[in-house]
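Report on the following structure.
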Amino acid sequence: MTFSYLINQVLLPFGGVSAVLIGLASFLAHISSKRIINGEVARHKRDLAEFKSTARLQMEAIKSDFKLELLKSESYTSISKEMYQELFSKRIEAYEKLINLKRDIGKSLVDNAEYIEFHDDDPSYFTNIIEKINAATREHPMLISNDLAEISDELYEKSIQIFSDAKVKAFYAELSNSGDDYGMYNAMIEAENDELRRMLTECGDLYEKWLTQLNIDLSKIRGILDSTNAFLESEH
């Protein structure tokens, strides 16, 4: 049986050689496509499995980091609360000293009212007050409020310049006076007082601002204590 006879007897009844070849090509193409698709599906499955594995590892790492940061945060918060409580207690102590200073200034004003009235040219009373405020506010500068610290710094800078100028004037008065010791002493005191009288005019407003801000700060501290006390009472 020849090949041509096979074609004529078998293939021709099904539409000829062309149709058979086309069908065969389609069949082969279908098989190839399935193989390609199956290969792609398998590759995507592998990629998906690798992605899931990588994502799981990353999530575990993130959870671990989060737990570590949470522990750090809780530890920091605990330390911060303790530090805040300690600093607040120290702040109360610092402001108690300022309250006592304010009370002493008021008492001195009453006790020396007559002297101040008839010796208004003597700058020593006001300069002594400024010296005490400077000493008190610079003893614990980190414990007073920003507003009070700002006013205190300005008051210190202005007053210290006046005190310095007064010392210089007294020194020159001593050099230029050739009289007896008593006369020299009086000249030095007068020269110094002459400069110190600037204190009231240049620092008077700052002194009033300082007193006002001190009262504001004390009011805030009382408010915090009242709120804390109310909270603690509500817990019982």
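The values are calculated or read from the model by the stated rules, or taken from the named source; none is laboratory data. Predicted model, so just to flag it, every value in this text is computed and none were measured. Neighbour counts are summed over all protein chains in view; Cβ atoms, including those assigned to glycine, are modelled from backbone coordinates with ideal geometry. In case anyone asks, the SASA skips ligands and DNA or RNA and just uses the protein heavy atoms, side chains included. Shrake-Rupley method; radii C 1.70, N 1.55, O 1.52, S 1.80 Å.
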| Does Leu225 satisfy the criteria of being touching a residue at least 24 places away in the same chain (Cβ under 8 Å), part of a helix (DSSP H, G or I) and under 23 Å from Ala149 (Cβ atoms)? | no
| task | All but one of (1) farther than 16 Å from Gln213 by Cα; (2) free of Cβ contacts under 8 Å to residues at least 40 places away in the same chain; (3) not β-branched (Val, Ile, Thr) hold for His140, so report the exception by its number. | result | (2)
| said: I'd like to check something: does segment 135-155 contain any residue that is under 28 Å from Asn186 (Cβ atoms), open to solvent by 40 Å² or more (accessible area, probe 1.4 Å) and in a helix (DSSP H, G or I)? | reply: no
| query | Can you tell me which residue in segment 156-198 is modelled with the highest pLDDT, limited to those that are part of a loop (DSSP other than H, G, I, E, B) and more than 53 Å from the chain's Cα centre (by Cα)? | reply | Asn177
| message | Of everything in segment 78-122, what is without any contact (Cβ under 8 Å) to a residue 40 or more places away in the chain and hydroxyl-bearing (Ser, Thr, Tyr)? Give them in sequence order. | response | Ser78, Ser80, Tyr84, Ser89, Ser108, Tyr115
| query | Which condition breaks for Glu202 when tested against (1) open to solvent by 60 Å² or more (accessible area, probe 1.4 Å); (2) over 30 Å from Lys102 (Cβ atoms)? | reply | (2)
